[in-house]
Amino acid sequence: MALDPEHCVFCKIIEGIIPGAKVYEDDKVYAFLDIAPFNFGHTLVVPKTHCHAISELDDEYRAAMINAAAKIAPAVMRATGAAGYNLLLNNGQVAGQEVPHVHLHIIPRFVDDKVLLGASQKQYEGTAMADLQAKIQEKIALRD
Ligand code: 5GP
Ligand code: ZN
């Protein structure tokens, strides 16, 4: 399946048509910071093919997405000082999926962070997003 940059915001980010704070990329996957994070460092891992449902995704892209998340999540933890993380995949509008391009959320979690998934997204101020992007990239590179 191809990308659909004309209609899809995540395909636009993958193609570089609109900016995304990329933390990781390989031939099948693109990962970037969520613009409205539940906690700072919240990262989205998306396959480089336009597909709205996990069940419709080619096996190799599905495997690449989960493998990339397993690699990126520890780097997000080390960059943010998180104690754990949620991996979340909303499939279908009724399940909270707003962007119809499959994406795995990596949500760093802190003790008593009071995050209610689905209810409390934050905003980055100033250079905070770029600073954290660079820090996560550095931590991923350190693990390679
Ligand atoms: P969903 O609700 O579909 O599972 O999650 C979509 C996520 O994409 C939301 O957490 C939202 O903040 C994020 N998002 C939507 N548009 C953009 C964008 O243009 N840039 C980035 N970085 N994140 C986006
Ligand atoms: Zn797309």
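We did not get these values from a lab; they are worked out from the coordinates using the rules stated. Quick caveat: nothing in here was measured; it's all calculated off a predicted structure. When we count neighbours, we look across all protein chains shown, and the Cβ atoms used for this are built from the backbone with ideal geometry, even at glycine.
Quick notes on this one:
- Overall, region 42-124 carries a charge dipole of about 340 debye about its Cα centre when +1 sits on the Cβ of Lys and Arg and -1 on the Cβ of Asp and Glu, all other atoms neutral.
- Estimated inter-spin distance, residue 59 and residue 83, nm [label 7 Å along Cα→Cβ]: 4.0 nm
- Computed label-point distance, nm, for sites residue 15 and residue 94 using a 7 Å Cα→Cβ extension: 3.2 nm
- A dipole drawn for the chain from +1 and -1 charges on Cβ atoms has a positive end, and of 110, 75, 137 the residue lying farthest that way is 110.
- Calculated [θ] (222 nm, deg cm²/dmol) that DSSP helices of n ≥ 4 give over the chain, each run adding -39,500 (n - 2.57): -10000 deg cm²/dmol
- Alpha-carbon centroids, region 40-118 and region 22-36: separation in whole Å: 10 Å
- Applying 1/(1 + (r/R0)^6) with r as the Cβ-Cβ distance of residue 111 and residue 7 and R0 = 41 angstrom yields a FRET efficiency of 0.50.
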